1. Would you confirm, using the coordinates I've provided, whether R293 is charged (D, E, K, R) and either closer than 18 Å to N187 by Cα or within 14 Å of the ligand (Cβ to nearest atom) (or both)?
2. So Q152 fits all but one of (1) in contact with a strand residue (DSSP E or B) (Cβ under 9 Å, 6 or more places away or on another chain); (2) away from the ligand (no atom under 15 Å from the Cβ); (3) within 21 Å of I248 (Cβ to Cβ); (4) not acidic (D, E); what number is the exception?
3. Could you tell me which residue of region 2-26 is surrounded by the most Cβ atoms within 10 Å (Cβ to Cβ), considering only residues that are away from the ligand (no atom under 14 Å from the Cβ) and assigned to a helix (DSSP H, G or I)?
4. Looking only at region 105-129, which residues are under 30 Å from G290 (Cα atoms) and without any contact (Cβ under 8 Å) to a residue 60 or more places away in the chain?
5. Quick one: what pairs do we get from region 170-192, first residue modelled with pLDDT of 95 or more and part of a loop (DSSP other than H, G, I, E, B), second within 12 Å of the ligand (Cβ to nearest atom) and of a type in the set (V, I, T), C-beta under 6 Å, 6+ apart or different chains?
6. Taking the condition of being in a loop (DSSP other than H, G, I, E, B) and crowded, with 16+ Cβ neighbours inside 10 Å, how many residues in region 31-65 meet it?
7. Residues in region 275-284: is at least one out of contact with any helix residue (DSSP H, G or I) (no Cβ under 7 Å at 6 or more places or on another chain) and touching a residue at least 60 places away in the same chain (Cβ under 8 Å)?
8. Got a sec? Which of R25, R73 is at pLDDT 95 or above, over 18 Å from the mean Cα position of the chain (by Cα) and closer than 22 Å to F167 by Cα?
Amino acid sequence: MILVTGGAGFIGSNFVLAAVAAGGRVVNLDKLTYAGNLRNLDPLAGDPRHLFVQGDICDRGLVRELLAAHRPRAIVHFAAESHVDRSIRGPAEFVQTNVVGTFSLLEEARIFWGALEGRGKAAFRFLHVSTDEVYGSLGPADPAFSETTAYQPNSPYSASKAASDHFVRAYHHTYGLPVLTTNCSNNYGPMQYPEKLIPLVICNAVKGKPLPVYGDGMNVRDWLYVSDHCGAIREVLARGRPGELYNIGGASERTNFHIVNTICALLDEMHPRAKGRHADLITFVKDRPGHDRRYAIDASKIAGELGWRPAETFESGMAKTVRWYLDNEAWVEEIGRRAA
Ligand SMILES: NC(=O)c1ccc[n+]([C@@H]2O[C@H](COP(=O)([O-])OP(=O)(O)OC[C@H]3O[C@@H](n4cnc5c(N)ncnc54)[C@H](O)[C@@H]3O)[C@@H](O)[C@H]2O)c1
């Protein structure tokens, strides 16, 4: 049994589906913010290996009850406010969930783990899912982020994640809590909320709406297909060394402009427009304030220590993603109705 937080969100739900498919049992604690979606978990309806609990990670009484009742061997912590643009408009929620929420979980995990004995205590893990955005921004010729790159967060989102990473580190150093932290690059794939670049562009393109590209479109991210991220988390959970950070990335640096053009080309094949090409819809818009220019991940530590490598290429992952959104129009429509 593992306790997953944020398991109704994009990456968390992909992780939960894969964990149960692999024979695991999951208690899934999620507040169901705008980003949480129970439809993501439809394939697990009625499955006794999955227990969904709607609640807030800041609710220490609830977390304590869940730990006492289910005695998980690990906590895998995804729950967060995750959208940079929202963090610029309203940072308070990011401090509350990402910092205070992570602190609350750590406190309850420390108490629970402190009372364990023997093999149960030795085997327990707290895996904190973080981001490469904590490292700040790279210039075009800078080496990729490694686990020893200094933290230089630039947005309220990345600052809140950096703060949570520091608390996780401190709970290992001070109390010996067996923590693991993963810092992953930008994910894409099925069930990502359509406010993020890739699903937003797919959904807008299908409706013939403008495809917004920030600034000059030359910001670079290192893209990873979501199931590869989930596989890396499973490896780190199983064999990672407590107290360590593991960077996770797809060695797929691409500009935003390249991403949008790739989606347009895929849609021209899979879902042609009656007239013109999808790229005709590309519109450059005012840049995000403080927009980091480039992220890139050096994933040699997880590759060397744990033998992890992504299974998908950028091209195969993007084709699967576009296909998924085309095949799941009802999922997209429902989110649109809820947001309206
Ligand atoms: N999406 C990416 O590209 C990416 C990359 C690297 C790391 N991460 C990290 O991975 C994690 C998951 O990201 P995502 O893209 O799936 O996010 P998401 O926004 O899709 O999902 C977040 C989930 O957390 C839940 N949640 C929010 N606040 C909560 C609270 N107080 N208590 C309980 N549940 C709460 C939401 O309801 C939602 O289901 C985050 O910690 C994020 O920082 C994301």
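The values are calculated or read from the model by the stated rules, or taken from the named source; none is laboratory data. Not measured: the values here are computed from a predicted model. When we count neighbours, we look across all protein chains shown, and the Cβ atoms used for this are built from the backbone with ideal geometry, even at glycine.
1. In short, yes.
2. (1)
3. Looking at the filtered set, the residue picked out is A19.
4. Taking region 105-129 as the starting set, the residues that turn out to be under 30 Å from G290 (Cα atoms) are 127-129.
H128, the sole residue that qualifies.
5. That search, which allows pairs on different chains as well, returns S185/I297; G189/V226.
6. Qualifying residue count, region 31-65: 10.
7. Of the residues in region 275-284, the ones out of contact with any helix residue (DSSP H, G or I) (no Cβ under 7 Å at 6 or more places or on another chain) are 275-276, 280, 283-284.
Retained after the next criterion (residues that are touching a residue at least 60 places away in the same chain (Cβ under 8 Å)): 283-284.
Yes, the conditions are met somewhere in region 275-284.
8. R73
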